[in-house]
Amino acid sequence: MTQKNYRHALNNPIFEIISKASDELGQDSYIIGGYVRDFLLERGATKDIDIVTVGNGIELAKKVANLLPDKPKVQVFKTYGTAMLRHEDIELEFVGARKESYSEESRNPAVKEGTLHDDQNRRDFTINALALSLQHETYGELLDPFSGIKDLENKLIRTPLDPDITYSDDPLRMLRAIRFTTQLNFTIEEKSLKAITRNAKRIDIITKERIVDELHKILLADRPSVGFRLLEETGLLVRILPELIALKGVEEVEGQKHKDNFYHTLQVVDNISKNTDDLWLRWSALLHDIGKAPTKKFHKKIGWTFHGHEFVGSKMVYKIFKRLRMPLNNKMKYVQKMVLLSSRPVILAEEEVTDSAVRRLIFDAGDDIDDLMTHCEADITTKNPRKQQQYLNNFKRVRQKIKEVEERDRIRNFQPPISGELIMETFNLKPCREIGQIKEAIKNAILEGEIGNNYDEAYAYMLQKAEKLGLKK
Ligand code: CTP
């Protein structure tokens, strides 16, 4: 079972200290999980390090803290028998080796002490069950009872036990399997994939926060579509984001088809991932077409339409965030805005690009205008190279026009040149509807290019508008 020595993985002095502390307690300790996996994959040293000890994990954490010069605070999670401490930029998690049995209804395990092998058995994947010894005599030796090293080489996600047991024990692991596959460019073993499909409905017992964490990680991979395809194939996606599944399929009426908006969406997410690492811009790409399922209609004359899908979609964003217990904050508003505006530059590019249309777009998008253009470029999924080039050129023109108009008119963070207070003072008004009307009229005149975005022209326009409303100075 014992294999090659990986002492060189342990060049951080913290490992010597853990080794010493374990020795003093007479407990065998090992590094296990992500640190070992990522070291072997040469993904760089992971800052979250999991230590498993055959004995008491909390005692070991306290002992380690005591041996460290900065005496860090130990956070104890009594119910789980784990403890955590931070040292420099490293987060160490300690756990006593255990056998676990899970109840059917929840994922809270009944914990029993066990050997290292018991503990490795209860881990999610063979590549996460690799352990490095911290004992003096065997320092740096790898314990790999399930050929995790071979699976790393063959890029395979495999469970240590029968996959039905591993996934049923903690159904989040089904998402983790797909997430690791997407992040690491691995494949899920056939037997495991079948087990995920069989157990998919057990994802319902997992908290939304943990599910969203995995979705974020899938979305942040180089090619998120790999993960979303697997989520779809295994029947997980329909339980998590049924709005995306509703986009699947191509309907044909009187010889007219629309595109499959599910696969289109995945392509857009992959495209945008080449140009941005921003999680929320990627979420926007994922959700940009969700309004298409509820708005789809067939008209004899014009074919398939999705009128107002951007507005409907932006409302759906709120519902999805709420259901997934994602914070309903500025990020959510940003995604809503992206979905709402997602077709605007397209319409612009198809027609002649007028200054006023560009000003309105800049006004509505504000500081997110560049992100919106990045989204639109990613939204081009035509396989026809000539058309693709043509669309890209159109957006280039729109970008250029945005730059010109913005340099001249400074609409991006539009501040009305005439304030409500000034209107009230000038016409001796108390708060009333007319103030809003005048402000709106000035804004529209600026966006339409009737007047410049400056005080003098806006003031003159205010006088004109007020006169029409019957107001006197
Ligand atoms: N683990 C598990 N089942 C889970 C979560 C975690 O068996 N549902 C085990 C795995 O051995 C895993 C280790 O606990 O390697 C640590 O989990 P975690 O820190 O969540 O993940 P990492 O594997 O370290 O990877 P990442 O940081 O990318 O999530």
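Read-outs throughout are calculated quantities, based only on the coordinates presented, and are distinct from any laboratory measurement. These numbers come from a predicted model, not from an experiment. Using ideal geometry, Cβ is built from the backbone for each residue, glycine included, and neighbour counts are taken over all protein chains shown.
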Spin-label model distance (nm) - T295 vs R433, 7 Å beyond Cα toward Cβ = 3.0
Any idea which of L279, F39, L152 is furthest toward the positive side of the dipole for the chain, if Lys and Arg beta-carbons carry +1 and Asp and Glu beta-carbons -1?
-> L279
Subtracting the Cα-Cα distance of R323 and D260 from 0.36 nm times their residue separation yields 20.1 nm
Take every Cα pair under 8 Å in region 155-240 that's 6+ residues apart, average their separations, divide by the length, and report that relative contact order as a whole percent.
-> 35
Based on the Cβ-Cβ distance from H216 to I90, what FRET efficiency comes out when R0 is 25 Å, to the nearest 0.05?
-> 0.65
On alpha-carbon atoms, Rg over Rh for region 5-74 using Kirkwood Rh?
-> 0.97
What is the dipole size for the chain, taken about its Cα centre, with +1 at each Lys and Arg Cβ and -1 at each Asp and Glu Cβ, in debye to the nearest 20?
-> 1540
Hydrodynamic radius by Kirkwood for the chain, inverse mean 1/r across distinct Cα pairs, in Å, is 26.5
Starting from region 7-69, pick out the GluC sites (Glu not before Pro) whose DSSP state is loop and whose Cβ has at most 14 other Cβ atoms within 10 Å.
-> E42
With unit charges on the beta carbon (Lys/Arg positive, Asp/Glu negative), name the residue among I402, N66, L143 whose Cα is farthest towards the positive pole of the charge dipole of the chain.
-> I402
Residue farthest toward the positive end of the dipole of the chain, with Cβ of Lys/Arg at +1 and Asp/Glu at -1: which of Q464, T354, N128?
-> Q464
Starting from region 326-413, pick out the GluC sites (Glu not before Pro) whose DSSP state is loop and whose Cβ has at most 10 other Cβ atoms within 10 Å.
-> E351, E352
Give me the percent of DSSP beta bridges within the chain that run antiparallel, rounded to the nearest 5.
-> 80
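E352 to T305: FRET efficiency via 1/(1 + (r/R0)^6), r the Cβ-Cβ distance, R0 30 Å, to the nearest 0.05? Spell out each step's value before the answer.
Values: r = 23 Å, r/R0 = 0.77.
Step by step, r from the Cβ atoms, then E = 0.85.
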Report the label-to-label distance for Q389 and L463 in nanometres (one decimal), using points 7 Å from each Cα along the Cα→Cβ vector.
-> 5.6
What FRET efficiency would be calculated for the residue pair R43, D456, taking the C-beta separation as r and a Förster radius of 60 Å, to the nearest 0.05?
-> 0.50
Taking the alpha-carbon centroid of each part, what is the distance from region 177-203 to region 438-465 in angstrom?
-> 59
